[in-house]
Each structure stands twice: as C-alpha cells, then as structure tokens.
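Working notes, beginning with the structure itself.
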Amino acid sequence: MSRQTDNFYNHFSFLYPVVDLFLKPQKHKLFQEINKLPTGQLLEIGVGNGSHLKLYKTHQVTGIDTSFSMLDIAKKHSTANIQLLQMNGEELLFPDQTFDYVILSHVIAVVDQPEKVLEETYRVLKPNGQIFILNHFTPNNWLRHIDKAFQVFSKAFHFKSVFHISNLTTIKKFTLLNEISFGQLSYFKLLIYKKA
C-alpha cells in the first residue's frame, strides 16, 4: 500500500468499530464457512482492528495489516492460535505454499494493487488451498449507478466504489467453488475459490 493509504488507515482506526458493526452479519457468515473446514494454516490479509479474531475456532491464524494503529488494537483481541504481523499484502514475506486458506475480508477493493495481492495469495497458497473474498461488488442492476456516482468521493476514503472481480486477470488462476449472496439488494458477496 502507498504511504498515503497507510496513513489514512492509521488515522481511521478509532472509527473502525462503527464500520465493523455494519459488516458484522457478513463476517459471521464468513466464519461459518471457515470454521467448517479442516484445521489448517490460515492467513488473513488486512486484519484491521481484530475484533473478529475470537471467531476463529479451528485454525492457526496469521493476521497481517499495514496499519500499526490497527494492529495495536488487534493485539487486544489476539489468542494463542493467532500471530499478528505488520506486513503489506502486496509483498508477502512468506515462502511459497505456506497456507491452506487466505482471507480477504473487505480488502480487495481498498488496496492499491489488487492484482498484486491476488498474485501473492496464489503464491503462498498450498495446492488446492482456498481463498475467501468477502467484499462489495458492483451489481448489474440499477444499484451500479450509485457506485458510479460515488466514485468522486471514494478516492478520499481509499476504496474503489466501482469494483468487478472479473476485471482482475489473476482471479482466472483460481476455480470458483461457491458464491454466497447477502440478499437481492446487497452489494456484498462471499466468493470462495480454490487454487487451480
């Protein structure tokens, strides 16, 4: 991430609990899916304030974030099975094929280089490893006009209001296993892919 984006999230950390409240129902569905899986090594890119860390039940978790302010808060929620590191998802410092699962929860549309994050995710995933992408995706219905109108403001908040996963070339390296929607008028989806 750029220094400007990093600084934004360092200053934004005290407001994050409000955003977290809004995202809570989607995160609960994400953890239902994750906790059904066999125990494994799990990487969460963009762990944020870590208020959800207690929801991990079965995995050895490595959580990373570029924001030291977010990580300071996340440490208060950490447990014995969780390691927290300051690191950029666009330049992961892990060896190839380290993780069974990678989580990108409300991250892919806020990073500067989403392609690079997916490339790094592919590299550190084990064969047949899974990636969970929980995010807003611009719908093909009338709501897409709201996304387009909000583009003017979205840069100030360091996210892409118009976002289509199919525009990312690297996603084609993965096989889609499941697509979970959160309602007809919801911007949000949980996409589960396997490393092809």
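The values are calculated or read from the model by the stated rules, or taken from the named source; none is laboratory data. Not measured: the values here are computed from a predicted model. Heads up, the Cβs are rebuilt from the backbone with ideal geometry, glycines too, and the neighbour counts pull from every protein chain shown. With ligands, DNA and RNA removed, areas are computed over all heavy atoms of the protein, side chains included. Shrake-Rupley method; radii C 1.70, N 1.55, O 1.52, S 1.80 Å.
Table for the structure above
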quantity	calculated
Per DSSP, loop trypsin sites (Lys or Arg not before Pro) in the stretch 53-140 with at most 16 further Cβ within 10 Å	57
Members of 36/195; 57/116; 116/194 lying beyond 22 Å, as alpha-carbon distances in this model show	57/116
Computed label-point distance, nm, for sites residue 169 and residue 116 using a 7 Å Cα→Cβ extension	1.6 nm
Length gained when the stretch residue 72-residue 93 is fully extended (0.36 nm per residue, less Cα-Cα span)	5.5 nm
Residues whose placed amide H lies under 5 Å from that of residue 84, excluding near-sequence neighbours	63
Accessible area expressed per residue, the stretch 85-131, with surrounding protein chains retained (probe 1.4 Å, Å²)	39 Å²
For the stretch 111-120, 3J(HN,Hα) per residue [Karplus equation, 6.51 cos²θ - 1.76 cosθ + 1.60, θ = phi - 60°, Hz, x = Gly/Pro]	6, 5, 10, x, 4, 5, 4, 5, 4, 5
DSSP-loop GluC sites (Glu not before Pro) across the stretch 69-134, with at most 14 other Cβ within 10 angstrom	91
Between the stretch 45-84 and the stretch 86-123, the Cα center-to-center distance that results, in Å	15 Å
Rh (Kirkwood; distinct C-alpha pairs) - the stretch 22-128, Å	13.9 Å
Above-threshold pairs, the threshold being 31 Å between Cα atoms, out of 75/172; 27/172; 76/189; 54/189; 76/172	75/172; 76/172
